[in-house]
Amino acid sequence: MRKEAKMGIFGLCLVIPSFLLLSVIVITPIILSFFESLRNESGGYDLSRYVYLFTDEGMRANIVFTLQVTIVSCVIVLAVSYALAVYMRFSTGRLVDLIRKTYMIPIFIPGVIATYGLINLLGNHGWLSRWLLLFGGTLPRIIFDQKGIIIANLWFNIPFTTMLLSSALAGIPNAVIESAKDIGASRLRIFFRIIMPLSYKTFLVAVTFVFMGVIGSFTAPFLVGPNAPQMLGVSMEQVFSVFQEREQAAAISFFTFLLCSLLGYFYIRSMVKEETARP
């Protein structure tokens, strides 16, 4: 047997355990949920559960609400995280050192505790509202509103996203930046022609992680979100536990999986194109 064939078999043996674990934990539940979602009230199989997702006014509002929160959260998280990562990479001083020492703190605070902290701070009778009342001001509705979910998403996602982007920017050689400056390139030109292309792959990874994390989130939307419309994760829990409609809950979960898969498809496609374009 040739050496290449032996290496191929060895690599396959290394992949099989991971694939089996993935099949048991991820693939099998997805398939079971899909078939569960196809069951109708008479015991047959059709697409009535999915038709309900787009014909019921409340479910349509939940889908639109989820996409709005996800897109807004992703845009703000990525903008703030990229700005922080660039600032920490190319700046020095006490402020930079302080940011480096503190920006990871939210990761180590449990989600439930952080969410209740936001409620006590930003609620109608929270600390900030009481301080504003002393000066005759009022705090707009944040908790039990779309804004509360977005703020919670920023708290949960900015530290990890900043860490990802910082690791990518740390790999950019200083010599490349200095060479661009020597030939008269402006800061904006350096960013769009050098920094952004060299960190593009990690940026796509960050987009994928943030999108999937936000669209499937439950703790923050459940505690600080409105009663209606709801994020899909909260809606799925309500349909499953309150209304006891397992098939409809399975349809919501599989639809959420399809939304995540859509972004995953574009990510994998872009990575494949990049690999095939290399000589």
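The values are calculated or read from the model by the stated rules, or taken from the named source; none is laboratory data. Note that this is a predicted model, so its numbers are computed, not measured. Backbone-built Cβ (ideal geometry, glycine too); neighbour counts: all protein chains shown. For the accessible areas, the whole protein counts, side chains as well, though only heavy atoms, and no ligand, DNA or RNA atoms are used. Shrake-Rupley method; radii C 1.70, N 1.55, O 1.52, S 1.80 Å.
Can you find a residue that is within 27 Å of PHE34 (Cβ to Cβ), crowded, with 18+ Cβ neighbours inside 10 Å and touching a residue at least 24 places away in the same chain (Cβ under 8 Å) anywhere in region 191-203? No, region 191-203 contains no residue that is within 27 Å of PHE34 (Cβ to Cβ), crowded, with 18+ Cβ neighbours inside 10 Å and touching a residue at least 24 places away in the same chain (Cβ under 8 Å). For region 252-275, the candidate set comprises residues that are within 13 Å of PHE211 (Cβ to Cβ) and small (Gly, Ala, Ser); within that set, the residue that is modelled with the highest pLDDT is SER261. I'd like to know if region 73-83 contains one or more residues that are in a helix (DSSP H, G or I), more than 30 Å from ASN174 (Cα to Cα) and either in contact with a Pro (Cβ under 6 Å, 6 or more places away or on another chain) or assigned by TED's automatic domain parsing to the domain that holds LEU259 (or both). Yes: one or more hits. Only one entry of SER48, SER73 meets the criterion of being within 18 Å of THR219 (Cβ to Cβ), small (Gly, Ala, Ser) and at pLDDT 85 or above, and that entry is SER73. For region 73-88, taking the residues that are surrounded by 20 or more Cβ atoms within 10 Å (Cβ to Cβ) and more than 11 Å from THR162 (Cα to Cα), the one that is nearest to the chain's Cα centre (by Cα) is identified as CYS74.
The lone criterion from (1) open to solvent by less than 50 Å² (accessible area, probe 1.4 Å); (2) within 16 Å of PRO159 (Cα to Cα); (3) touching a residue at least 60 places away in the same chain (Cβ under 8 Å) left unmet by ALA61 is number (2).
Would you tally the residues in region 217-260 being surrounded by fewer than 20 Cβ atoms within 10 Å (Cβ to Cβ) and touching a Gly at 6+ places or on another chain (Cβ under 6 Å)? Residues that pass the stated criteria total 2.
Contact map, region 169-190: residues that are closer than 23 Å to LEU204 by Cα paired with residues that are part of a loop (DSSP other than H, G, I, E, B), Cβ distance under 6 Å, separation 6+ or inter-chain. Pairs shown: LEU169/SER199.
For region 229-269, what are the residues that are charged (D, E, K, R) and not in a helix (DSSP H, G or I)? Talk me through it step by step, then tell me what you get.
Of region 229-269, the ones charged (D, E, K, R) are 237, 245-247, 269.
Scanning region 229-269 gives a single hit, GLU245.
Can you say whether ILE150 is closer than 19 Å to VAL234 by Cα, out of contact with any strand residue (DSSP E or B) (no Cβ under 9 Å at 6 or more places or on another chain), open to solvent by less than 70 Å² (accessible area, probe 1.4 Å) and part of a helix (DSSP H, G or I), as far as the supplied structure shows? Spelling it out, ILE150 is indeed closer than 19 Å to VAL234 by Cα, out of contact with any strand residue (DSSP E or B) (no Cβ under 9 Å at 6 or more places or on another chain), open to solvent by less than 70 Å² (accessible area, probe 1.4 Å) and part of a helix (DSSP H, G or I).
Residue-level check: of (1) open to solvent by 90 Å² or more (accessible area, probe 1.4 Å); (2) touching a strand residue (DSSP E or B) at 6+ places or on another chain (Cβ under 7 Å), LEU38 misses just (1). Regarding GLY137, is this residue open to solvent by less than 70 Å² (accessible area, probe 1.4 Å) and either outside any helix (DSSP H, G or I) or outside the structural domain of LEU188 (by TED's automatic domain parsing) (or both)? When the stated conditions are applied, GLY137 passes them.
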